[in-house]
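Below is one structure; the comments refer to it alone.
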There are 2 protein chains.
Amino acid sequence: MTQHNRTLPKGFRGDMVNGFNPQDPSHLSEPDLKHIERRQRVLGPAYRLLYRSPVEISRGKGVFLYDKQGNEYLDAYNNVASLGHSHPRVVAAIHNQLETLCTHTRYMQDQLVEFAEKLVGTFEGELGKKGCAMFTCTGSEANDLALRVARFFTGNSGVIVTAEAYHGNSGAVAAVSPSLGRNSPVDPFLRLVPAPDSYRMPAAEIGRRMAEDVARQIADIERHGGGLAAFIADPVFSSDGLYFDPVNVLASVAAVVRQAGGLFIADEIQSGFGRTGTHLWGHVRHKVEPDIVTLGKPMGNGYPVAGVVLRPELVAEFGRYFNTFGGNSVAIAAARTVLEAICEENLMANAVKVGGQILDGLRGFQKRYECVGDVRGTGLYFGVELVKDRCSKAPDMDCALAIVNGLRDRRILISGTGSDAHILKIRPPLVFTSEHAARLLEGIEQTLRSL
Amino acid sequence: MTQHNRTLPKGFRGDMVNGFNPQDPSHLSEPDLKHIERRQRVLGPAYRLLYRSPVEISRGKGVFLYDKQGNEYLDAYNNVASLGHSHPRVVAAIHNQLETLCTHTRYMQDQLVEFAEKLVGTFEGELGKKGCAMFTCTGSEANDLALRVARFFTGNSGVIVTAEAYHGNSGAVAAVSPSLGRNSPVDPFLRLVPAPDSYRMPAAEIGRRMAEDVARQIADIERHGGGLAAFIADPVFSSDGLYFDPVNVLASVAAVVRQAGGLFIADEIQSGFGRTGTHLWGHVRHKVEPDIVTLGKPMGNGYPVAGVVLRPELVAEFGRYFNTFGGNSVAIAAARTVLEAICEENLMANAVKVGGQILDGLRGFQKRYECVGDVRGTGLYFGVELVKDRCSKAPDMDCALAIVNGLRDRRILISGTGSDAHILKIRPPLVFTSEHAARLLEGIEQTLRSL
């Protein structure tokens, strides 16, 4: 039996630099060390914990998480519970549905059809008018299905993504997720293009450059005997480093992709469900109509539900699709309640308002702290880029990690992203208030001051 | 844009012969027709409904499902709700946990580690002593992860499965699921072996034959320049037609597989969690120790939770694995409660007792009805093979479909399986009582008499 004998260089990004390093446990308490030892033994070597000092969590409510001692952590990171942890309305909807029925999509169920109609109706253009919804349990499954459909429909296997893209953990989508690191095999016909780095490229050129990069990669795929199945992008480029603007990029890319016979897949797993504040779906900011949209994380506020919205002709000859738990009665109840709550509780307007306050605060730090090279954001989603100096714009991973871990020690949870994990990823629940924003900003400033 | 112009022959098994045929809707009521039209438009062409006359379901309790009019259906098919629909203990556990915390595996959570230890402890041999558990949301994700691990660890891509295997819906596992039909592409290095058809082969030869078949396919993979990553099998061969016996088959196959450097993956998604009555895991009946075991369907009694149990050295170099919802706090609460309930409510003993009653009844039908060629079963899982005559043993799909749909009209839910969907697949919840068994048997006999 042969085994790969590759070694992971230190700081290797596939190994999650913003995670706990088991080789460096000396600062931990005895109970935490014991827990981690048990955990490593029974979950195995592939599991990771966040932060230099991992956090034990026992309870969640609203924007807060709590450990066993009752210490309160301000959650400015987890977008799964985007309505807040243990949201009463979602909990009640799931509980009621659990008591009534939890079964699959091969029986007729009114609520399944009604929710699918409602969901499809949130999209613009052709998708909104004629699209169909297919349900999975996870965003990985949604992207995997989108890729299966694209490859089947086009007869091609080539895929283009951004340089640090992450589209999930199944075999097929891990193979188009370069951010998993070089130990994780990628497809022979996967090609990469640089993310639209608005900090390092002139805004006016970004759209043209990305379209040209994509065209070049299509030519390379074809020269190697392949063809383009799809271009897949997160409309805010979360794992590349969060590039919210400019928004005139993806429409021109989509045109190039379609010209080559490929499909344009918008991965809305992080950018969807109102995260960007102004729009329910991130791709709408780019005025682009995707062929396929994939949905996930916040869709059920924690209940495993995800899905795909696409033009029905793409699956006309696809054959049957069945996902045992995908779109089951409870998943639908959870997802319906989340979509209703986003609208009825005015969470997008809240994201714009509170998000504006946070963005102002972060921009203030950019003025006062040399290491804060760039601040980007929309709605309640922010990227803060740490640099060694503002001329070279050289990424400062150590500084970013010090801030992420410094905030964790102040019981405020965020994380890092980008090729060097040097960009703070701040993504509070959509129910964040001005008070929460002030507490977050104060924590960041204290941490910046302490560096 | 090129599009595959393949057509589906009638009765083509990839198209699910035991499903509703939209070309034949004339017998349906106006409201049902309207529902199906709406459903087809918004879920698209890839979704299927069970039965010639699809069933509308609004409520479930114990072994029963109910439509809007309150009509009661005896569920003798759905093994997801294997503790019964809306099981109070599972509903309460999920509800309590939802009110407390629902978060992911990158924080320390005692219950996650405790459940993983408990789950691993249910396995025999090396797996039970040193195994680790990794959590996904669906059985497809579990098999997909098992396959990723096997390919990464061995450095090979070849896979061997049984001729009508189904291992899930992701791109990678659909490509090793020949039962999806010839429109669904399979891997270049996928090879098939016949299922251990105990109805058509002498029991004493089956183990030797299957080991020889596997060895021949390994040689074929190697001759084509590949190598074996894994042999994957459901230990009761559910989609091939349900072959519970003999149980001296898989150990000799596993030996051949390991000799070639491959891993033996036991897909327990249908056969696990006490379904076979005598054992919690189907592979234990074969006295084989798998390298990887995959779990799914009944694991959370409907909550989307699934997973993989494996030897930790297989993932030593794998890199990181993260599944946003996989093993979240609520998934763990659901799975823990299901495992406890199976043990504490003596459901395996119940499966043996009530299963024995059903098996006796089915064997009585085999004596009295010429079309019942073979009856197979263990625990609460049964295959009943319908044949045109007992000499030729020619599969009788029409007869099987008539029984499945005849039972549906009597409000008893089962389905069909096997290459020609000519084998009744009967799989009641583990809480089935003698009275339920009697009702099921009476319904089957009435249907057989009416043919």
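The values are calculated or read from the model by the stated rules, or taken from the named source; none is laboratory data. Since the structure is predicted, the reported quantities are computational estimates derived from the model, not experimental observations. Cβ: placed from backbone, ideal geometry, glycine included. Neighbour counts: every protein chain shown. Note: accessible area is taken over every heavy atom of the protein model, side chains too, but ligands, DNA and RNA are not part of it. Shrake-Rupley method; radii C 1.70, N 1.55, O 1.52, S 1.80 Å.
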Counted residues, the stretch A:201-248 - those being hydroxyl-bearing (Ser, Thr, Tyr) and either touching a Gly at 6+ places or on another chain (Cβ under 6 Å) or not assigned by TED's automatic domain parsing to the domain that holds A:Phe152 (or both): 0
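In the stretch A:149-170, which residue that is in contact with a helix residue (DSSP H, G or I) (Cβ under 9 Å, 6 or more places away or on another chain) and surrounded by fewer than 24 Cβ atoms within 10 Å (Cβ to Cβ) is nearest to A:Asn18 (Cα to Cα)?
Here the answer is A:Glu164.
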Yes/no for A:Arg200 being at pLDDT 95 or above, open to solvent by 40 Å² or more (accessible area, probe 1.4 Å), of a type outside the set (A, V, I, L, M) and part of a helix (DSSP H, G or I): no
Boolean, A:Arg311 is surrounded by 24 or more Cβ atoms within 10 Å (Cβ to Cβ), of a type in the set (Lys, Arg) and modelled with pLDDT of 95 or more: no
Long-range neighbours under 6 Å by Cβ, at least six apart or interchain, first residue β-branched (Val, Ile, Thr) within the stretch A:100-127, second open to solvent by 10 Å² or more (accessible area, probe 1.4 Å) and part of a loop (DSSP other than H, G, I, E, B): A:Thr122/A:Leu280
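Can you tell me which of A:Leu250, A:Leu242 is among the aliphatic types (A, V, I, L, M) and within 15 Å of the chain's Cα centre (by Cα)?
The conditions single out A:Leu242.
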Criterion (small (Gly, Ala, Ser), open to solvent by less than 10 Å² (accessible area, probe 1.4 Å), touching a helix residue (DSSP H, G or I) at 6+ places or on another chain (Cβ under 6 Å) and assigned to a helix (DSSP H, G or I)) met by exactly one of B:Ala116, B:Ala142, B:Ala46, B:Ala93: B:Ala116
Residue in the stretch B:320-328 that is more than 14 Å from chain A (Cβ to nearest Cβ), surrounded by fewer than 24 Cβ atoms within 10 Å (Cβ to Cβ) and within 30 Å of A:Pro22 (Cβ to Cβ) present: no
Filter result (assigned to a strand (DSSP E or B) and either in contact with a Ser or Thr (Cβ under 6 Å, 6 or more places away or on another chain) or at the interface with another protein chain (Cβ under 8 Å from one of its Cβ atoms) (or both)) within the stretch A:308-319: A:Val308, A:Leu310
Unique match (being within 12 Å of another protein chain (Cβ to nearest Cβ), in contact (Cβ under 8 Å) with a residue 12 or more places away in the chain, closer than 18 Å to B:Glu114 by Cα and not in a strand (DSSP E or B)) among B:Ile342, B:Ile332: B:Ile332
Condition check for B:Gln217: within 14 Å of chain A (Cβ to nearest Cβ) and more than 22 Å from the chain's Cα centre (by Cα): no
Unmet criterion (only one of (1) of a type in the set (A, V, I, L, M, F, W, C); (2) in contact (Cβ under 8 Å) with a residue 12 or more places away in the chain; (3) not assigned by TED's automatic domain parsing to the domain that holds B:Leu430) for B:Val63: (3)
Those residues of the stretch A:7-43 which are open to solvent by 30 Å² or more (accessible area, probe 1.4 Å), at pLDDT below 90 and either part of a helix (DSSP H, G or I) or at the interface with chain B (Cβ under 9 Å from one of its Cβ atoms) (or both), in sequence order: A:Thr7, A:Leu8, A:Arg13, A:Asp15
Among (1) of a type in the set (A, V, I, L, M); (2) open to solvent by 40 Å² or more (accessible area, probe 1.4 Å); (3) more than 10 Å from chain B (Cβ to nearest Cβ), the one test that A:Val63 misses: (2)
Qualifying residue in the stretch A:353-360 (condition: more than 23 Å from the chain's Cα centre (by Cα) and either open to solvent by 20 Å² or more (accessible area, probe 1.4 Å) or modelled with pLDDT of 95 or more (or both)): yes
B:Gln69 more than 7 Å from chain A (Cβ to nearest Cβ) and modelled with pLDDT of 95 or more: yes
Scan of the stretch A:249-273 for residues that are part of a helix (DSSP H, G or I), among the small types (Gly, Ala, Ser) and surrounded by 24 or more Cβ atoms within 10 Å (Cβ to Cβ), ordered by number: A:Ala254
Filter pass, A:Leu380 being within 30 Å of A:Glu56 (Cα to Cα), surrounded by fewer than 20 Cβ atoms within 10 Å (Cβ to Cβ) and touching a helix residue (DSSP H, G or I) at 6+ places or on another chain (Cβ under 7 Å): no
Selection from the stretch A:119-139 of residues that are in contact with a Ser or Thr (Cβ under 9 Å, 6 or more places away or on another chain), surrounded by 19 or more Cβ atoms within 10 Å (Cβ to Cβ) and assigned to a helix (DSSP H, G or I): A:Gly139
Residue pairs meeting the criteria (Cβ under 8 Å; at least 6 apart or on separate chains; first more than 11 Å from every other protein chain (Cβ to nearest Cβ) and over 10 Å from B:Val159 (Cα atoms), in the stretch B:174-189; second in a helix (DSSP H, G or I) and of a type outside the set (A, V, I, L, M, F, W, C)): B:Val186/B:Pro178
Among (1) touching a strand residue (DSSP E or B) at 6+ places or on another chain (Cβ under 6 Å); (2) open to solvent by 10 Å² or more (accessible area, probe 1.4 Å), the one test that A:Glu222 misses: (1)
Qualifying positions in the stretch A:398-416 - under 17 Å from the mean Cα position of the chain (by Cα) and open to solvent by 10 Å² or more (accessible area, probe 1.4 Å): A:Gly416
Out of A:Pro304, A:Pro312, A:Pro298, A:Pro395, sole residue that is closer than 30 Å to A:Phe135 by Cβ and over 19 Å from the mean Cα position of the chain (by Cα): A:Pro312
Matching option when the condition is among the small types (Gly, Ala, Ser) and farther than 17 Å from B:Glu126 by Cα, among B:Ala266, B:Ala306: B:Ala306
Only listed residue being more than 10 Å from chain B (Cβ to nearest Cβ) and within 23 Å of B:Cys137 (Cβ to Cβ), chosen from A:Leu127, A:Leu83, A:Leu101: A:Leu83
